[in-house]
Amino acid sequence: MKTSVVVLSFLLILAAHAAAGDLTKLSHRWSDLLSTQDHHYHINSHGQGFHRPTDCCISYASRNIRCVFMKDYSITTSGCSRPGVIFKTKRGQSVCADPSKEDVRKCMASLKLDSVI
């Protein structure tokens, strides 16, 4: 199932770049897509040729969020098919999380509190 999602995503990215005439960034997107599958989450970034770049969560991290490794977060927009919180780790990676989970809400509150202080 995950393999078919990766292949379908790759084909959609290929079609979008081919339509826009920009295939130079395709290999970077493919490697980004593969690295997200290793972490059991996926973030869908719409290309710059669309209205506005938007990040959406296709799936959520399977493990609890360890807030000590997070530095920031953003909430996905209503244009996404499912709600999500995208955490940025201190190492610069993005992690999708389910906003209805208690550990996610606690981490969001903690990061918001840290930014106020």
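The values are calculated or read from the model by the stated rules, or taken from the named source; none is laboratory data. Keep in mind that this is a model prediction, so the values were computed, not measured. Every residue, glycine among them, receives a Cβ derived from its backbone with ideal geometry; neighbour counts consider all protein chains shown.
Taking the stretch 69-99 as the range and being of a type in the set (Phe, Trp, Tyr) and over 9 Å from the mean Cα position of the chain (by Cα) as the test, the residues that pass are PHE69, TYR73.
Scanning the stretch 86-117 for residues that are loosely packed, with under 13 Cβ neighbours inside 10 Å and aliphatic (A, V, I, L, M) yields ALA109, LEU113, VAL116, ILE117. For the stretch 64-94, what are the residues that are more than 13 Å from MET108 (Cα to Cα) and of a type in the set (A, V, I, L, M, F, W, C)? Correct list: CYS80 only.
In the stretch 8-117, counting only strands (runs of 3 or more DSSP E) that sit wholly within it, the ones holding 2 or more residues that are at pLDDT 65 or above span 55-59, 70-75, 85-89, 94-97.
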